[in-house]
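The values are calculated or read from the model by the stated rules, or taken from the named source; none is laboratory data. Because the structure is a prediction, the values reported are computed rather than measured. In this analysis, Cβ positions are derived from the backbone assuming ideal geometry, glycine residues included, and neighbour counts consider all displayed protein chains.
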Amino acid sequence: MTRLAEQLDRLAALPPAALADEWMKLWKAPAPRLSSDLLRLGLAYRLQEKALGKLPARVARALQSPSSAPSIKAGTQLVRSWNGRSIAVLVTDDGFLFENRAYRSLTAIAREVTGAGWSGPRFFGLTGRG
């Protein structure tokens, strides 16, 4: 078994106090207040990073930036039924068109339709949740 594999296996058996000590050794900072499982994941990441090298900069940036709504081509029509009403939105080059008014975001449309703080992409089914 390789040294990295042995280190990763050892993490599985460490109690919470030992995980915090290990965190201090590897990250040179106090362990965050997380569950033991999440501390193990953070420690495993650090061990792998030390053994195999860091992620390429472009991958690290992609992981840090929040994911945005999927890109939708101009001309696409989004349709959603809400409380017996059909909501149709046309995607334009500059944003969205709903009831002959231009909007910069789907969230603004969802808020107008529902009166609540919905995520526009979620309201129109463009995300995996909802």
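Checking each residue in the range 60-79 for being closer than 23 Å to ASP94 by Cβ, out of contact with any Leu (no Cβ under 9 Å at 6 or more places or on another chain) and modelled with pLDDT of 75 or more picks out SER71, LYS73, VAL79. Quick check: is even one residue across the range 107-116 assigned by TED's automatic domain parsing to the domain that holds LEU11, without any contact (Cβ under 8 Å) to a residue 24 or more places away in the chain and touching a Pro at 6+ places or on another chain (Cβ under 9 Å)? Within the range 107-116, none of the residues are assigned by TED's automatic domain parsing to the domain that holds LEU11, without any contact (Cβ under 8 Å) to a residue 24 or more places away in the chain and touching a Pro at 6+ places or on another chain (Cβ under 9 Å). ALA31 - would you say it is modelled with pLDDT of 90 or more and either among the aromatic types (Phe, Trp, Tyr) or surrounded by 10 or more Cβ atoms within 10 Å (Cβ to Cβ) (or both)? So ALA31 fits the description; yes. Pairs meeting the criteria (first residue in the range 28-48 and assigned by TED's automatic domain parsing to the domain that holds ALA60, second residue among the aromatic types (Phe, Trp, Tyr), beta carbons under 6 Å, at least 6 apart or on different chains) are ALA31/TRP23. Tell me, please, whether a residue that is within 26 Å of the chain's Cα centre (by Cα), surrounded by fewer than 12 Cβ atoms within 10 Å (Cβ to Cβ), outside any loop (DSSP other than H, G, I, E, B) and at pLDDT below 90 can be found in the range 107-117. No, the range 107-117 contains no residue that is within 26 Å of the chain's Cα centre (by Cα), surrounded by fewer than 12 Cβ atoms within 10 Å (Cβ to Cβ), outside any loop (DSSP other than H, G, I, E, B) and at pLDDT below 90. The set of residues in the range 102-119 being over 14 Å from SER81 (Cα atoms), touching a helix residue (DSSP H, G or I) at 6+ places or on another chain (Cβ under 9 Å) and not aromatic (Phe, Trp, Tyr) consists of SER105, LEU106, THR107, ALA108, ARG111, ALA116, GLY117, SER119. Flag not set for ARG58, criterion: over 20 Å from LEU4 (Cβ atoms) and either over 20 Å from the mean Cα position of the chain (by Cα) or in the same structural domain as ALA110 (by TED's automatic domain parsing) (or both). Looking at (1) farther than 29 Å from THR127 by Cβ; (2) loosely packed, with under 10 Cβ neighbours inside 10 Å, find the lone condition where LYS73 falls short. Only one criterion is unmet by LYS73, namely (1).
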